[in-house]
1. Once both labels are modelled 7 Å past Cα along the beta-carbon direction, what's the Q70-N8 spacing in nm?
2. P(r) for region 1-148: what percent of alpha-carbon pairs falls in each 10 Å bin, starting at zero?
3. How many Å² of accessible area per residue for region 38-143, probe 1.4 Å?
4. What's the local net charge at S141, with K and R +1, D and E -1, over the other residues with C-beta under 11 Å away?
5. Once you've got the GNM for the chain with C-alpha springs shorter than 10 Å, pick whichever of D57, D185, D127 has the biggest mean-square fluctuation.
6. Run the numbers for L160 and S92: contour at 0.36 nm per residue of separation, minus the present Cα-Cα distance, in nm.
7. Count the net charge of all other residues whose Cβ sits under 15 Å from the Cβ of L78, scoring Lys and Arg as +1 and Asp and Glu as -1.
8. What percent does the relative contact order of region 96-196 come to when contacts are Cα pairs within less than 8 Å and at least six residues apart?
Amino acid sequence: RGSLFERNGIYYLIVDTLTEPKFFVTSEMITDVGFTYAKTELSTRWNFVRAKFQNQDLDYDTDTRIVTNQSSIDKYGLISGEVQPVGCTNLSEILRHAAYALLTNSYETTLVSFQLPRMGLYLKQYDIFVLVDQSVGWGNSARILKYQDSKLYFQYKLNLPVNSTVFIMFHTNTGVHVVEGTITDDYTIQLIDSVDYQQRNRFNEKRKSA
C-alpha cells in the first residue's frame, strides 16, 4: 500500500512499511474530544478471498486464485470476499493482492480518530506511531512534574507496582527515545538507562512467553 504525489516538480512515493514509530499520542496531548473508536463488523473480516485477474500466461483469459485463513474459518465460519485488481496480469502479483485483502480485512479492525494540535503539522501519511490510551488498556501516560537526580516526578498517581521495571517513551527530533526505569513510589520513576525500541520489543516478547 502506498501513494504517489508531486510537489514542486518532484514525485514522491510513500509506502506503508513496518518501521520504528516516529512519535506517540496520549490523552494528555490531544483535545478534549478525546479518542473515538469504531470497530469493523465481523461480516467484513474476510477469511476467504477470491481474486480474479487477466492471466498473461493464459493469453489474458480471466483466471482466479483463492487465499484463505483456515483458523478464522474454523472459528467464525466462511466469510468470503472478492477482489479484481485493475492491471494485474501475473500470478505472483494476484497472490500478493489477495493476501493483502485477507490480512487487512482480518486484522485492521479498529479505526481511531482524535485531534492533535501542533504536532499534526509535522505528520506524514503512513507515519508509524504508538497510541497510548489507558481507558482501553493500551499503556500508561502521565504528566511530568519535574526531573531531578535521574528521577521523574509525576503530577498524579501512576497506578503501577512499586519496584517494577517500565519503559518510558520520549519525543526527540530523531523519533521516539525509550528509557528504562524503576517505579520507586506511586509518583516517581528512577531512570536506569536508555534502550533502543527494538530492544524494548524483544523484552516484551520474552516477558509474554515467560
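1. Result for the modelled spin labels: 5.4 nm.
2. Bin by bin from 0 Å, the calculated values are 9, 25, 28, 23, 10, 3, 1, 0.
3. Values: 6980 Å² over 106 residues.
Each residue of region 38-143 exposes 66 Å² on average to a 1.4 Å probe.
4. Details: positive: R143; negative: E28, D133.
Charge balance in the 11 Å sphere: -1.
5. So, out of D57, D185, D127, the one fluctuating most is D57.
6. On the way: separation 68, 0.36 × 68 = 24.48 nm, distance 4.91 nm.
Gain on extension, L160 to S92, equals 19.6 nm.
7. Details: positive: R45, R50, K75; negative: D74, E82.
Here the count lands on +1.
8. Working: 120 pairs, mean separation 16.8, N = 101.
Answer for region 96-196 is 17 percent.
The values are calculated or read from the model by the stated rules, or taken from the named source; none is laboratory data. This structure is a prediction, so every number in the text was calculated from the model and none was measured. Backbone-built Cβ (ideal geometry, glycine too); neighbour counts: all protein chains shown. The protein model used for the area step is the full one, side chains on, heavy atoms only, and it has no ligands, DNA or RNA in it. Shrake-Rupley method; radii C 1.70, N 1.55, O 1.52, S 1.80 Å.
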